[in-house]
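Down below is the structure, laid out as structure tokens.
No lab work stands behind these numbers, since they all come straight from the coordinates. All values derive from a computational prediction rather than experimental measurement. FYI the Cβ positions are ideal-geometry reconstructions off the backbone, even for glycines, and counts take in every protein chain you see.
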Amino acid sequence: MIIGFIIIAFQGLNLGVDFRGGRSYVISFTKPVIATDMKVAISESFKNSSTEVKLYGSDDVMQVTTSYLMDDESDGADEKVRVALVDAIEKFQWAQTFS
């Protein structure tokens, strides 16, 4: 336990999007997508941010939740995140709907 407290004292708690919150998007595709492939593509755009990619009902629908620009409360922050996400998934050209 002492080692655990020391690590927390030096590194702090790394709370992911489950605890801190963030923006969430649901993306539908015309073909099945592998969540880990999408997470790798998105992680490059959302540097230094917690990002989760999960199947959302079927293998052609993904839910993406990210803490990217979470502390930015400006009017353009949502659009910046959305543009970064669209750019990150453009290699999955069969994206059909985005909400």
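Around the amide H of residue 56, modelled in the peptide plane, lie the amide H atoms of 61, 62, 63, all under 5 Å away and 5 or more residues distant in sequence or on another chain.
Remark: spin-label model distance residue 47-residue 34 equals 2.6 nm, labels positioned 7 Å along the Cα→Cβ axis.
For the peptides 70-81, 46-57, the ranking by mean Cβ contacts within 10 Å, running from highest to lowest, is 46-57, 70-81.
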